[in-house]
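Colleague: A single structure is presented below for examination.
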């Protein structure tokens, strides 16, 4: 797992963003037909996102397994309504925690 260094509009037709990682990996995230916390800014809707995740998805997030789901969770449905704040939180708070283990 590595730092997110850039985000831009995704070239994939049904995705909203492409994120680039320091190690060269890239992920396309955010279905264009879905609404995320950065869009609706509604905490109860964000909680519903987490509530309806199945156990496999939750395991992916809890284990910090690099995947579109992980990045959507922290960046598009993160604790801030601002996508840049969510990226900064991920880079500064989540990655150091992951590195400790």
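Every read-out reported here was derived from the displayed coordinates using simple, explicitly stated rules and does not represent laboratory data. The model shown is predicted, which means the values in this text are computed figures rather than measured ones.
Colleague: Taking the structure as given and computing Rg and Dmax of the Cα atoms in Å, which label from (1) 16.6, 58; (2) 14.0, 53; (3) 13.0, 37 fits?
Modeller: Computed from these coordinates, Rg and Dmax of the Cα atoms in Å corresponds to label (3).
Colleague: Summing -39500 (n - 2.57) over the DSSP H runs of n ≥ 4 in the chain and dividing by its residue number, what mean residue ellipticity at 222 nm do you reach, to the nearest 500 deg cm²/dmol?
Modeller: When only DSSP H runs of four or more count, the value is -8500 deg cm²/dmol.
Colleague: Remind me, relative contact order of the chain in percent, using alpha carbon pairs under 8 angstrom and six or more residues apart?
Modeller: 23
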